[in-house]
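For reference, the structure discussed in these notes is given below.
The values are calculated or read from the model by the stated rules, or taken from the named source; none is laboratory data. Everything numeric here is computed off the predicted structure, so don't read it as measured data. Cβ placement follows ideal geometry from the backbone for every residue including glycine, while neighbour counts extend to all protein chains displayed.
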């Protein structure tokens, strides 16, 4: 029924006459609770979940009363909620309920991860954001937004009415985003001109990847704005451990580094592979797919990235929604642009469990790294486009190791 509605009714009409009224009703039901608490919003193509959790832990370490809602978890008034399915922002009713519970618990801050869908569909309508963080804007969700400009406009909504915008100085969108908002701008990046950069705020993180340094610097900007001393900020960032499904290493006796990560965009996959390359003595093996009924352009781009940065690519299912063969072919064609050759350094195994087993027990040798990307924390997978089936990358790895 939902697919029929979307097919015949423009998304803008659905947003204005369904999502917006629901958001208005939810705000009225709970009495516009965001007016009684300081809200920090975090969006971006990649890194928003990690950055949200970094900010939350920083505030906790500073002795602040704080709640958080992210893609994989929610901490509201001291209670933990699991959000780790195919979930982005909660619907307006659930979101306003969470904010209301945080207010009742006496929290001063709420850190909220916000997606482009959530912003476009008014799920965060009525939320009074004090600080808005944009980690980056790269390639994602063009199946929904249709154009990169629409995607940019959706993301930029977060910072239009905030008091402080935290922006990535290294991004090509930095100047344009700075002009969109009339508020104070704090920047982070590797460029020495950024307010927070590795030179004026050096960090030695436990988690790998330059992109995580950027996430930590973004969180540091928020800490600076909230008058948290730099020693506390630094201590939090340097003690921060990986989240579920984010660069999780699974120990084993085979001498292989096995990593499960959520990277499901070209930018995220490139960052993850570059981080793993620096930790790999032998071959770097990449196992991933791309979602069906979603952004088709990124499939070939991810194939190109993997063939360029990994030694071996294993193409498999990642919520194919009935398009598995088509997706695999598009990824293969992308990989061939970077020298990928089927049967030599590129393999196709549509069954994700078999693909993981093949990578670990057939391809990998001692000293090699196997990176399994795209599902991360998620607990289900959509194979046929009709239903979600229970799934766990971690469990599939453990099963392969037993074999």
**Prompt:** Within the range 79-88, is even one residue under 16 Å from the mean Cα position of the chain (by Cα), under 25 Å from residue 152 (Cβ atoms), without any contact (Cβ under 8 Å) to a residue 40 or more places away in the chain and outside any helix (DSSP H, G or I)?
**Reply:** yes
**Message:** Can you tell me which residue is farthest from residue 223 (Cα to Cα) among those in the range 1-33 that are at pLDDT below 85 and outside any helix (DSSP H, G or I)?
**Reply:** 1
**Message:** Exactly one of these conditions fails for residue 102: (1) surrounded by 24 or more Cβ atoms within 10 Å (Cβ to Cβ); (2) under 25 Å from residue 246 (Cα atoms). Give me its number.
**Reply:** (2)
**Prompt:** Here are 340, 303, 322: which of them is assigned by TED's automatic domain parsing to the domain that holds residue 380, part of a loop (DSSP other than H, G, I, E, B) and in contact with a strand residue (DSSP E or B) (Cβ under 8 Å, 6 or more places away or on another chain)?
**Reply:** 340
**Request:** Would you mention how many residues in the range 230-251 are over 26 Å from residue 74 (Cβ atoms), at pLDDT below 95 and touching a helix residue (DSSP H, G or I) at 6+ places or on another chain (Cβ under 9 Å)?
**Result:** 0
**Prompt:** residue 277 versus (1) modelled with pLDDT under 95; (2) under 24 Å from residue 391 (Cα atoms): which is the lone unmet condition?
**Reply:** (2)
**Residues (modelled with pLDDT under 95 and over 21 Å from residue 299 (Cβ atoms)) located in the range 363-379** = 377, 379
**Fill in**
Selection over the range 53-74 where residues are outside any helix (DSSP H, G or I) and under 21 Å from the mean Cα position of the chain (by Cα) yields a count of 8
**Residue list for the range 350-362, restricted to those being in contact with a strand residue (DSSP E or B) (Cβ under 6 Å, 6 or more places away or on another chain) and either more than 12 Å from residue 258 (Cβ to Cβ) or modelled with pLDDT under 95 (or both)** = 355
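Of these, 201, 196, which one is closer than 28 Å to residue 63 by Cα, at pLDDT 95 or above, surrounded by 22 or more Cβ atoms within 10 Å (Cβ to Cβ) and more than 21 Å from the chain's Cα centre (by Cα)?
Matching residue, one of 201, 196: 196.
Let's see how each residue does on (1) more than 25 Å from residue 274 (Cα to Cα); (2) in contact (Cβ under 8 Å) with a residue 60 or more places away in the chain:
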position	(1), (2)
328	no, no
339	no, no
347	no, no
357	no, no
364	no, yes
377	no, yes
380	yes, yes
394	no, yes
**Residue identified as out of contact with any helix residue (DSSP H, G or I) (no Cβ under 7 Å at 6 or more places or on another chain), touching a residue at least 40 places away in the same chain (Cβ under 8 Å) and under 18 Å from residue 155 (Cα atoms) among 43, 115, 51** = 115
**Item:** So residue 347, is it at pLDDT 95 or above and part of a strand (DSSP E or B)
**Value:** yes
**Request:** Sort through 255, 245 and tell me the only one that's in contact with a strand residue (DSSP E or B) (Cβ under 9 Å, 6 or more places away or on another chain) and part of a loop (DSSP other than H, G, I, E, B).
**Result:** 245
**Residue in the range 280-295 that is surrounded by 20 or more Cβ atoms within 10 Å (Cβ to Cβ) and assigned to a helix (DSSP H, G or I) present** = no
**Request:** With the condition kept exactly as written, say whether any residue in the range 34-50 is part of a helix (DSSP H, G or I), in contact with a strand residue (DSSP E or B) (Cβ under 9 Å, 6 or more places away or on another chain) and farther than 22 Å from residue 235 by Cα.
**Result:** yes
**Item:** Selected residue [within 20 Å of residue 137 (Cβ to Cβ), touching a helix residue (DSSP H, G or I) at 6+ places or on another chain (Cβ under 7 Å) and crowded, with 19+ Cβ neighbours inside 10 Å] from 167, 217
**Value:** 167
